[in-house]
1. Can you name the strands (runs of 3 or more DSSP E) wholly within the stretch 28-110 that have at least 1 residues being of a type in the set (S, T, N, Q) and surrounded by fewer than 12 Cβ atoms within 10 Å (Cβ to Cβ)?
2. State the number of residues belonging to the stretch 9-27 that are surrounded by 13 or more Cβ atoms within 10 Å (Cβ to Cβ) and without any contact (Cβ under 8 Å) to a residue 40 or more places away in the chain.
3. Confirm whether Leu69 is within 19 Å of Gly102 (Cα to Cα) and under 15 Å from the mean Cα position of the chain (by Cα).
4. Would you pick out the residues in the stretch 1-50 that are within 21 Å of Val88 (Cβ to Cβ) and of a type in the set (D, E, K, R)?
5. State whether one or more residues within the stretch 97-108 are closer than 14 Å to Phe21 by Cβ and touching a Phe, Trp or Tyr at 6+ places or on another chain (Cβ under 8 Å).
Amino acid sequence: MLTFNANFSGDDAWSGVTLAFVSAGDGTNAPRSRFAACHNMDWTVDGQPLATGRASHQGRVIDGELIELVVQEVSPEWVSAISAARSVRYRVCRDEYALTAGDIQAFGSVVAKIKSATRAAYRPNSTTPTTTSKTQEVEYQGMKWRPTSKDSLFN
């Protein structure tokens, strides 16, 4: 399973892909990790290599199955290249995979969302109002909102 994750807020901006692999145990022993020692990811778009960052690995046994996550940081340009491709192949260690046409189309939707998020975050100075309106000061009334009846639960 392949997922794309992104965070565009402040200094914590990050985007990456996560690949999840599930290996079933034999009922007596936990399955062995396939990618702990080797989890390099190489991407090829339309026959050409596509550069990415280093990948990291996490593994955990749940209900007798090993779930391995391989996470790789990618740039918005990387996502755009995937979305414009005719064919995308990737290799994790020695295992090779290919994205389907639907997967590539989904990355096109992601690119549109990234562009939308970028535009929404942009606030040009020209939208700053040229006139300032005086704000009305409100006097603090304390806790006078509470009921004053002796039968009230708030007394």
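1. Ranges flagged: 48-50.
2. 0
3. Working: within 19 Å of Gly102 (Cα to Cα): no; under 15 Å from the mean Cα position of the chain (by Cα): yes.
Answer is no for this residue.
4. Passing the criteria: Asp42, Asp46.
5. Yes - at least one qualifying residue is present in the stretch 97-108.
None of the figures in this text is laboratory data; all of them are computed from the coordinates on show. Quantities reported herein were computed from a predicted structural model and do not represent experimental measurements. Positions of Cβ are generated from backbone atoms using ideal geometry, with glycine treated the same way; all protein chains shown enter the neighbour counts.
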